[in-house]
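J.: Quick one: the structure is below, questions incoming.
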Amino acid sequence: MTASDAPAFCVHCGQESPGGVDHPACHNPRTALEPPRYCTYCARRLVVQVSPLGWTARCSRHGETASG
């Protein structure tokens with residue numbers, strides 16, 4: 001992974017975020033339990049599927065992420 005491939009966006013709001021960390025407004029107990037909504041690499045909206053066993057989130061460019 002190169003420096004240009006490093007996470008640069010918040011997974012909860014899609015805003016620019018150095019290192020892909022949550023913004024203070026996005027870092028709270030409620031969002032800690034929620035699946036990501038935006039790709040950390042390109043800020044595209046993710047296709048998220050939640051099941052009783054966890055969640056999967058898919059970016060059209062960067063692939064799938066899963067809980068656990």
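Each value in this text was obtained by applying a stated rule to the coordinates, not by laboratory testing. Because the structure is predicted, anything quoted here is derived from the model rather than measured. Neighbour counts are summed over all protein chains in view; Cβ atoms, including those assigned to glycine, are modelled from backbone coordinates with ideal geometry.
J.: Pairs under 9 Å by beta carbon, first residue of a type in the set (Lys, Arg) in segment 55-68, partner outside any strand (DSSP E or B), six or more apart or different chains?
T.: Arg58/Leu46; Arg61/Cys39; Arg61/Tyr41; Arg61/Cys42; Arg61/Arg44
J.: Here is a further query. Of all residues in segment 41-54, which are part of a strand (DSSP E or B) and either more than 19 Å from Cys10 (Cβ to Cβ) or in contact with a Gly (Cβ under 9 Å, 6 or more places away or on another chain) (or both)?
T.: Of everything in segment 41-54, those that are part of a strand (DSSP E or B) and either more than 19 Å from Cys10 (Cβ to Cβ) or in contact with a Gly (Cβ under 9 Å, 6 or more places away or on another chain) (or both) turn out to be Arg45, Gln49, Val50, Ser51, Gly54.
J.: How many residues are surrounded by 14 or more Cβ atoms within 10 Å (Cβ to Cβ) and over 11 Å from the mean Cα position of the chain (by Cα) when one looks only at segment 32-55?
T.: Adding up the residues that qualify gives 1.
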